[in-house]
Amino acid sequence: MTEFEMIAKTFQGLEEILAKELIDLGANGVAIGNRMVSFRGDKALMYKANFNLRTAIRILKPFLHFHADSADEVYEICKKVNWEQYMTLSDSFAVDAVVYSEDFKHSKFVAYRVKDAIADCFREKYGKRPNVSVANPDLTFHIHISHDDCTLSLDSSGESLHKRGYRQEAMEAPLNEILAAGMILMSGWDGKSDFVDPMCGSGTIPIEAALIARNMAPGLFRSRFAFEKWKDFDRDLFESIYNDDSKERPFEFTIKGYDKDPKAIAVAKRNAKAAGMLDMIEFDVRDFKDFEPIREKTVLITNPPYGERLSDDNLLGLYEMIGERLKHALTGGEAWIISYHYECFDKIGLKPSAKIPLFNGALPCELRKYEIFEGKFGEFRSDGRRLKKDDVPSRRSTTLRHKARLEEKKEGTDNVGKERKTYRKAGDSKPFRGDGERRTFRKDGNDGERKTYRNDGERKTYRKNGERNSFRNDGQKTASKRTYSKSGNKR
Ligand SMILES: C[S@@+](CC[C@H](N)C(=O)[O-])C[C@H]1O[C@@H](n2cnc3c(N)ncnc32)[C@H](O)[C@@H]1O
C-alpha cells in the first residue's frame with residue numbers, strides 16, 4: 001500500500017511517548033513537533049493509529065501544502081482543489097482551523113473562507129452546496145497555518161480520541177483519558193506488577209491501566225472514526241485490524257482503585273463495567289489515610305485534588321498525609337503523582353526522582369516520581385544505593401518555560417480560578433456512546449461470524465441468523481448498536 005504523510009496531535013508533554021507508540025505501531029519517519037508528531041505510513045497504519053494509539057487526540061492526513069498570507073488567498077487556492085476526491089454533494093462537512101500567524105488574526109475567519117471555497121466549488125458545478133454540520137459532519141477538513149505555511153488535511157478521527165466510548169459518567173474534574181494513559185506509559189508500567197490509584201475518582205487511571213495491562217486497543221469501544229465515511233474506506237481492512245487480538249495478553253497482578261467518596265467508586269465501577277474491565281480492577285471506598293502496606297514493586301499513579309486555593313479543605317494537610325502514607329505503606333514501590341501547586345509537592349516531603357511537566361487541560365502541572373525505600377534518604381545513599389536514572393523524557397527548556405508559567409499562575413488566585421474552569425470544561429462529562437459496548441463486525445448481513453468481547457476477557461465468536469445480538473461486557477446479550485451489511489451500508 002502507498003505511504004503518505006500523517007500528523008498525530010497530542011497534549012503538550014506527551015509528544016515523546018506518542019512518538020514511541022507510533023514507532024511500536026510501525027510508523028516511518030516519526031518526527032516530534034509541538035503538541036504533534038508527524039509520521040508516514042499506509043492506510044492500514046492510519047486505521048491502526050486511530051484504533052491503537054493511547055496518547056493521540058486525532059490523526060490528520062495532509063493533502064495540500066501551500067503558502068498564503070491572507071484569508072482571501074487561502075480561499076482562492078482552496079477554490080482550485082478538487083473536493084470531489086474527498087466528498088460528494090450529499091456529505092455534510094466541517095472545517096477546523098489552527099492559526100499561528102500575524103497575517104491571519106482570526107482562525108474562525110480562515111475556517112469560513114475554506115468553507116466558502118468548498119461550498120462555491122459545488123454550487124458552481126451543481127447549483128447546490130453541501131451542508132455544513134458542526135455537531136456531526138461526515139467529513140472534517142483541517143487547515144493549519146504557521147506564518148504563511150498552510151496545510152490542508154482530512155481529519156481521520158472525528159471526535160477526539162480521548163472519547164474512548166466507555167465513560168458513562170464523570171465525577172468532578174475527571175482526568176482526560178489520553179493524559180491518564182500517557183502518565184501510565186511514562187511510568188513504564190506494563191502490567192508486570194501490582195498497580196493502584198488510591199484517589200481514583202471516576203476510575204480513569206485504573207481503567208486505562210487495565211487496557212494497557214491487557215494490551216487492548218483503546219478504540220475498541222468507540223462507535224465511529226471519521227475515516228469510515230471516507231470515499232476510500234476499506235471496510236475489510238479495518239475489520240481485520242479491529243478483530244486482531246493477537247497482541248492481547250493475560251494479566252496476573254492486581255489493579256486497585258480506591259476513593260473516599262462512595263459516589264466516585266460507584267461511577268468508577270460503571271465506567272469499568274462499560275469497558276469490560278470490571279473484573280480486572282478491585283474498587284473500594286477507602287480513605288488514603290487508611291492505605292495499607294502493599295506488595296513490593298507496586299506502582300501507584302494518582303491525581304489528587306489540586307484545589308482552587310491552597311486553603312481549600314486543608315489541601316496541604318492532604319498532601320502531608322499522602323507523603324506519610326507513601327513512606328510507610330509503599331516501601332519498595334514507586335509513586336507517580338500529578339499536581340499543580342509546588343506547595344502541595346513540598347508537603348509530600350519526599351525527594352522526587354523525576355519531574356515531568358504536563359498540562360492537565362489548561363493547567364500547567366507536574367508529574368513527579370517517588371521511589372520509596374526503607375529508612376532515610378541519606379542512609380539510602382550511604383548504602384551505595386541510588387535512585388535509578390529513569391527512562392523519562394528530559395525536556396529542560398520545556399521544564400523552565402513550564403515553571404515560569406506555574407509561577408505566573410501562582411501569582412493571581414483569580415487566574416487559578418479561571419484556569420480551573422477551563423480544566424473542568426475540558427473534562428468529558430457526556431457519555432459518548434452510552435452503553436460502552438464493543439462493536440461487532442460481520443462479513444455479511446446474515447450468517448457472518450462476529451467477534452465480540454466479554455467481561456471474562458475472552459473474545460467469543462458469535463453467530464445468529466440475521467439478528468443483531470452480541471455479548472455485553474457483563475456477559476449478557478444485548479442489542480448491538482452497529483453492524484455492517486455486505487454492501488458496506490450500516491444496517
Ligand atoms: C481530582 S479527583 C481524581 C479524578 C480521577 N483521576 C478521575 O479521572 O476521575 C481526586 C479524587 O480524590 C478523592 N480524594 C480526596 N481525598 C481523598 C482521601 N483522603 N482518600 C481517598 N480519596 C480522596 C476525591 O474524592 C476525588 O475523587
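Every read-out reported here was derived from the displayed coordinates using simple, explicitly stated rules and does not represent laboratory data. None of the values given here were measured: they were computed from a predicted structure. Note that each Cβ is placed from the backbone with ideal geometry, even for glycine, and that neighbours are counted across all protein chains shown.
Some observations on this one:
- The simple spin-label model puts a point 7 Å past each Cα toward its Cβ; for residue 76 and residue 279 those points are separated by 6.5 nm.
- Inter-label distance, residue 266 to residue 129: 5.0 nm, where each label sits 7 Å from its Cα along the C-beta direction.
- Working ranking of peptides 46-53, 76-83, 357-364 by packing, defined as the average number of other Cβ atoms within 10 Å per residue, highest first, is 46-53, 357-364, 76-83.
- Debye intensity ratio I(q)/I(0), log10, the range 31-70, q values 0.19 Å⁻¹ (C-alpha model): -0.67
- Residues in the range 117-129 carry Karplus couplings, in order, of 4, 5, 4, 5, 4, 6, 4, 5, 8, 10, x, 9, 10 Hz; the curve used is 6.51 cos²θ - 1.76 cosθ + 1.60 with θ = phi - 60°, and Gly or Pro positions show x.
- Extension gain from residue 249 to residue 342, taking 0.36 nm per residue of separation minus the Cα-Cα distance: 29.6 nm
- Near the amide H of residue 97, within less than 5 Å, lie the amide hydrogens of 143, all on another chain or at least 5 residues away, with H placed in the peptide plane.
- The range 33-114 shape via C-alpha gyration tensor axes, a/c threshold 1.5: oblate
- Difference of contour (0.36 nm per residue) and Cα-Cα distance, residue 351 to residue 147: 69.1 nm
- Listed cross-link partners 9/351; 79/128; 9/273 are compared with a 26 Å cut-off, the Cα-Cα value being larger for 9/351; 9/273.
- P(r) for the range 22-179, from all Cα pairs and a bin width of 5 Å, is 2, 8, 16, 19, 17, 16, 12, 7, 3, 1, 0 %, short bins first.
- Annotation for residue 112 and residue 67: the two label points, set 7 Å from Cα along the Cα-Cβ direction, are 2.8 nm apart.
- Checking the cross-link pairs 108/369; 269/355; 20/61; 20/269; 289/355; 43/256 against a 29 Å limit on the alpha carbon distance flags 108/369; 269/355; 20/269; 43/256 as lying beyond it.
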